[in-house]
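Values quoted throughout were computed directly from the atomic coordinates according to the rules given, and no laboratory measurement underlies them. Please read these numbers as outputs of a predicted model, since none were measured by experiment. Heads up, the Cβs are rebuilt from the backbone with ideal geometry, glycines too, and the neighbour counts pull from every protein chain shown.
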Amino acid sequence: MTETNAVDTLDTDRLQAYLAPRIEGFGAIDECRKFAGGQSNPTFLLRSGASRYVLRRKPPGQLLKSAHAVDREHRVMQALAPTAVPVPTMFALCTDESVIGSMFYVMEFVEGRILWNGALPEATPAERGAIYEEMVRVLAALHSVDLDKTGLRDFGRPGNYFERQLSRWRDQYRITATEPNPAMDALILWLEKNLPEDDGRVALNHGDYRIDNVMFHPTEPRIAAVLDWELSTLGHPWADLAYQCMQLRIPPDAAIPGLGGVDRRSLGIPSEEAYVARYCELTGIDGIPNWNFYVVFSFFRLAAILQGVLKRALDGNASSKKALGHGALAKPLSEMALQLIS
């Protein structure tokens, strides 16, 4: 008999006993299946009669401090329900780890499409353009959310966002480092010396905004739900924008494929310059100075995140079977960032 990874299983009896009195109409759990995607928080489909739900949990085992914050995911999506940012309906948050072994929440199952390949090979040029227009429209809407009306004014710490983030991911990278990486060391030194002054811009940041972290309508180029809010916080809005544009620069043959070197014009996908210009238009700003810093920072941050993924994979505590390959991308990403600053 093959041993089952604890990340992949749930105690459905205990789960049903917990959820039945908390979700109206929740009956017996007929199906419980883990989704294949995702590197961080294990995510499951629950079916009860004709109803479907999605459960996200913290992975079991020893975890980095502040990582896998499913309670923050639940809070931010619940707060965004009345806004222009599409999110699933939240049903329950369980902080009692005795139920299934770790904190979890249950939300609405949204019908739609996850577009895993940013090149959108199944779409026409016009459809591709419409999909990327929707991506930037929703990102601009996110950064325009009223923090006071949503109760999210305290969702992040005050002060220079990039200074805080550099400190956080530098420290977590060093905790999870599995081998020497001179490129990352050089990158950290450069970022420390080139941090921009705090310009006072504060917005709700998704933290991992990319095409496969949103759910599109089944047939329309319309986002039905923005997902995977684990890294969300209050921060500088240009961090989200640069993070998405960084993905356009990653080679298409990488473990996490991007659109670097792809003829985007022929595909109907906007250039980085056009995408940034459209964001500026939607948010009412006149360009972004020092753009290269924000892109370099995005490479550093993703490299630090993937180093943590690699460490969890080597420790046997990763949510996805692709974690080892994805984590191995940490070193090449830091080397790509060095090329941008040299």
Among Trp238, Trp291, Trp169, what is the fewest-to-most ranking by other Cβ atoms within 10 Å?
Trp291, Trp169, Trp238
Spatial separation of Cα centroids for segment 258-279 and segment 324-342, in angstrom:
21
For a protection proxy built on the mean count of beta-carbon atoms within 10 angstrom, sort 93-102, 204-213 highest first, please.
204-213, 93-102
Going fewest to most other Cβ atoms within 10 Å around each Cβ, Lys149, Lys58, Lys34, Lys193 line up as Lys193, Lys149, Lys34, Lys58
Protection proxy (average C-beta count within 10 Å per residue), highest first, orders 110-119, 220-229 as 220-229, 110-119
Given the pairs Lys34/Lys58; Lys34/Lys331; Lys58/Lys193; Lys58/Lys331; Lys193/Lys331; Lys311/Lys331, which span a C-alpha to C-alpha distance of over 24 angstrom in this model?
Lys34/Lys331; Lys58/Lys193; Lys58/Lys331
Enumerate the amide H contacts of Asp30 below 5 Å, restricted to partners 5 or more residues apart or on another chain; note that Pro and chain-start residues carry no placed amide H.
Arg47, Ser48, Gly49
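I need Glu108, Glu179 ordered by Cβ neighbour count within 10 Å, fewest first.
Exposure proxy ranking, most exposed first: Glu179, Glu108.
Relative to the Cα centre, what is the charge dipole magnitude of the chain, using +1 at the beta carbon of each Lys and Arg, -1 at the beta carbon of each Asp and Glu, and rounding to the nearest 20 debye?
It comes to approximately 380 debye.
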What angle, in degrees between 0 and 90 and rounded to the nearest 10, separates the Cα long axis of helix 161-176 from the longest principal axis of the Cα atoms of the chain?
70
Around Cys32, under 15 Å between beta carbons, what's the net of Lys plus Arg minus Asp minus Glu among the other residues?
+2
For segment 31-171, build the charge dipole from Cβ charges (+1 Lys, Arg; -1 Asp, Glu) around the Cα centre, then report which of Val87, Ala36, Ala50 sits farthest towards its positive end.
Ala36
For segment 6-108, average projected area of the Cα convex hull in nm²
6.9
Rounded tilt (10° steps) of 330-341 against the dominant C-alpha axis of the chain
30
Taking alpha-carbon centroids only, segment 87-107 lies from segment 127-182 a number of Å equal to 23
Per the helix-only model, the chain has a calculated mean residue ellipticity at 222 nm (DSSP H runs of ≥4, -39500 (n - 2.57) each, divided over all residues, rounded to the nearest 500) of -12500 deg cm²/dmol
Please list the non-local residues whose amide H lies under 5 Å from the amide H of Leu234, H modeled 1.01 Å from N, same-chain partners needing a gap of 5 or more.
Gly156, Arg157, Asn205
